[in-house]
Amino acid sequence: MRCSGEVNREERAAAVTYVIAEPCINVLDRACVEECPVDCIYEGARALYIHPDECVDCGACEPVCPVEAIFYEDDVPNQWAAFTDDNARFFTDPLPGRDRPVAPPAARPRSVGSVWTPN
C-alpha cells in the first residue's frame, strides 16, 4: 500500500506506519516535513512526530532524514522500540502539565502546514 493513492478504512486499520526515534531529539531538521506528501509530521518541543492515522506509509520521509531517525514501524531498532508508542501517544495523551493532548485532531491547523507548535 505504499503511495498508491486513496486508502480505504480497512486498509488504514491494518496499516503500519513510520516512527521517528531518538536521533531526532533536539535536532528537528524538518526535511521530512517538506518531503511528506500528506502533511502527517508534526513538531513537538524536542522532536518531530508522525501521526499514525494520517501516514500513508509511502516512505518519502525516511531517506531525507539527516540523522536516520525515521523507521518503518516493524524496523525500529530494539533500543528505540519505546518510540513507537511515544509517537502515537503524542497525539492521544496529555503531556505533563496539560489537560489535553498537545495536538488533538480538532486543534491542528491544516492551513499553515503540518508543523504544529503549541501556544
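The values are calculated or read from the model by the stated rules, or taken from the named source; none is laboratory data. Model, not experiment: these values are computed from the prediction. Positions of Cβ are generated from backbone atoms using ideal geometry, with glycine treated the same way; all protein chains shown enter the neighbour counts.
A few comments on the model shown:
- Contact annotation: residue pairs with Cβ atoms under 9 Å, 6 or more positions apart or on different chains, pairing a residue in region 55-79 that is farther than 15 Å from Ile25 by Cβ with a partner that is in a helix (DSSP H, G or I) and β-branched (Val, Ile, Thr), are Cys61/Val33; Glu73/Thr84.
- Index of the failed condition, Val7 passing every other in (1) modelled with pLDDT of 90 or more; (2) surrounded by 13 or more Cβ atoms within 10 Å (Cβ to Cβ): (1)
- Inside region 35-53, residues that are farther than 15 Å from Ala21 by Cα and either touching a Pro at 6+ places or on another chain (Cβ under 9 Å) or in contact (Cβ under 8 Å) with a residue 40 or more places away in the chain (or both) make up a count of 5.
- Residues of region 43-55 that turn out to be in contact with a Lys or Arg (Cβ under 8 Å, 6 or more places away or on another chain) and crowded, with 20+ Cβ neighbours inside 10 Å, as a count: 1
- Screening Leu48 against (1) modelled with pLDDT of 90 or more; (2) over 13 Å from the mean Cα position of the chain (by Cα) leaves a single unmet condition, (2).
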